[in-house]
């Protein structure tokens with residue numbers, strides 16, 4: 001009878017968890033629709049409607065926006081679909097475990113009330129789309145791992161591949177998570193022999209890569225203005241590292257730049273320390289003459305200078321990268337790191353053409369004031385969620401069920417994704433590491449549903 005009562009309690013907990021997640025979706029949509037848009041979002045929607053490439057950023061953001069905007073003008077339907085992808089993935093977590101606890105219900109409600117759920121899911125950022133696609137992809141992979149008996153579960157595997165391919169296009173270093181998923185898939189098949197396991201891993205990697213190539217070709221806008229520099233992302237990083245290295249090491253000489261433009265070299269020598277900021281690359285545009293000097297240097301000269309610094313001045317380069325990563329990961333002054341976006345902001349002409357309401361209304365201000373209450377708490381600290389991710393991985397390594405390995409792969413891949421910003425970060429915006437916060441929370445909820453039991457050692461074994 002006690003076992004029956006326990007089973008009923010667990011069934012009720014699972015139902016309560018699913019209801020809480022469904023309510024969380026409705027609450028999020030009520031608080032944020034039709035969605036918050038920053039400059040990036042406005043540009044993506046403009047690109048989706050015009051078919052003309054507006055920026056060097058990945059085109060998949062505007063491509064995904066396009067069908068939703070076509071069905072219902074604006075970003076409301078897109079925000080609904082993106083948030084639903086996350087919340088339905090969370091609802092399905094109860095299908096991965098044989099039991100459910102009320103602890104997961106409590107933690108689930110608390111998670112929904114954090115800005116990472118309640119506010120971020122209403123922001124039209126590719127970082128949010130990337131995080132949702134990644135979570136959905138790994139949850140589908142977990143369902144495949146759990147249900148694998150004889151025949152391959154092709155439907156969840158295909159869904160995972162589609163989600164992860166789109167995620168890698170939304171944020172290029174998201175390819176790290178594709179590799180992590182392939183490794184997890186291979187590991188899940190190790191019982192069939194390593195050659196077969198490796199074939200599954202490589203096959204998944206190739207299939208996801210091919211899907212990404214197809215999606216990328218489909219997402220490419222029909223028209224690209226001749227003056228648009230599609231290598232701008234690489235140039236921005238090089239500008240930042242060259243100026244940052246000079247700012248950190250005054251004796252460094254920019255010989256490659258001096259060869260082609262002595263005037264630009266002299267300007268950078270004088271102004272680098274004053275204009276540079278480890279919090280974001282945008283400061284390099286604060287002085288028009290300085291910005292002009294950087295962007296009118298030949299690409300080959302800037303590339304050669306950047307490589308020369310890495311090879312001949314590694315200490316200056318590493319100090320620059322460490323300083324930028326410190327701001328990205330630790331966000332010492334959160335207010336400078338765009339912790340949240342509400343309302344609509346962007347170029348006036350673009351906003352008018354899109355026919356969306358610009359500015360911040362009363363509801364938007366209320367959402368911002370709510371999020372602001374968390375700014376100086378551990379909830380808005382990436383360190384908090386990195387520690388949580390490591391803790392979940394340790395707990396799941398105790399049990400090592402098939403689905404557990406998938407979440408270990410998700411969290412391990414996410415930590416590697418975070419580490420990659422030590423090399424590529426150009427700003428401390430909180431959204432860049434949004435996947436870390438979200439994946440850690442999802443990992444906590446999955447673990448709390450059915451906490452691993454601390455099993456005593458078997459008799460006769462140490």
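The values are calculated or read from the model by the stated rules, or taken from the named source; none is laboratory data. Predicted, not measured: the structure shown is a model, and the values here were computed from it. Here the Cβ is made from the backbone with ideal geometry for all residues, glycine too, and neighbour counts use every protein chain on show.
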With criteria (1) touching a residue at least 12 places away in the same chain (Cβ under 8 Å); (2) more than 25 Å from residue 46 (Cβ to Cβ); (3) surrounded by fewer than 20 Cβ atoms within 10 Å (Cβ to Cβ), residue 228 comes up short on (2)
Among 144, 198, 104, the single one that is at pLDDT 95 or above and crowded, with 24+ Cβ neighbours inside 10 Å is 104
message = Suppose the filter is surrounded by fewer than 17 Cβ atoms within 10 Å (Cβ to Cβ), without any contact (Cβ under 8 Å) to a residue 60 or more places away in the chain and closer than 25 Å to residue 230 by Cα; does residue 293 pass it?
response = no
Does residue 351 fit the bill of being within 30 Å of residue 49 (Cα to Cα), in contact with a strand residue (DSSP E or B) (Cβ under 7 Å, 6 or more places away or on another chain) and modelled with pLDDT of 95 or more? no
Subset of segment 258-282, residues in contact with a helix residue (DSSP H, G or I) (Cβ under 6 Å, 6 or more places away or on another chain) and free of Cβ contacts under 8 Å to residues at least 24 places away in the same chain, comes to 258, 265, 271, 277
For this session: Kindly indicate whether any position in segment 440-461 is at pLDDT 95 or above and out of contact with any helix residue (DSSP H, G or I) (no Cβ under 9 Å at 6 or more places or on another chain).
Result: no
Exactly one of 259, 251, 307 is in a helix (DSSP H, G or I) and either modelled with pLDDT under 95 or within 32 Å of the chain's Cα centre (by Cα) (or both), and that one is 307
Residue 42 passes all but one of the listed conditions (1) more than 19 Å from residue 167 (Cβ to Cβ); (2) surrounded by fewer than 18 Cβ atoms within 10 Å (Cβ to Cβ); (3) under 20 Å from the mean Cα position of the chain (by Cα); the exception is number (2)
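One line per residue, one yes/no per condition, for (1) touching a helix residue (DSSP H, G or I) at 6+ places or on another chain (Cβ under 7 Å); (2) surrounded by fewer than 17 Cβ atoms within 10 Å (Cβ to Cβ); (3) free of Cβ contacts under 8 Å to residues at least 60 places away in the same chain; (4) closer than 20 Å to residue 429 by Cβ:
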residue: 308; (1), (2), (3), (4): yes, no, yes, no
residue: 312; (1), (2), (3), (4): no, yes, yes, no
residue: 321; (1), (2), (3), (4): yes, no, no, yes
residue: 326; (1), (2), (3), (4): no, yes, yes, yes
residue: 335; (1), (2), (3), (4): no, yes, yes, yes
residue: 339; (1), (2), (3), (4): yes, no, no, yes
residue: 343; (1), (2), (3), (4): yes, no, no, yes
Margin query: Can you say whether residue 123 is within 27 Å of residue 168 (Cβ to Cβ), in contact with a strand residue (DSSP E or B) (Cβ under 8 Å, 6 or more places away or on another chain) and buried (at least 17 other Cβ atoms within 10 Å of the Cβ), as far as the supplied structure shows?
Written below: yes
Picking from 233, 186, 204, the residue that is touching a helix residue (DSSP H, G or I) at 6+ places or on another chain (Cβ under 9 Å), part of a helix (DSSP H, G or I) and free of Cβ contacts under 8 Å to residues at least 40 places away in the same chain would be 186
Any chance residue 42 is over 18 Å from residue 367 (Cβ atoms), assigned to a helix (DSSP H, G or I) and touching a strand residue (DSSP E or B) at 6+ places or on another chain (Cβ under 8 Å): yes
Taking segment 362-396 and the residues there that are modelled with pLDDT of 95 or more and in a loop (DSSP other than H, G, I, E, B), the one that is farthest from the chain's Cα centre (by Cα) would be 373
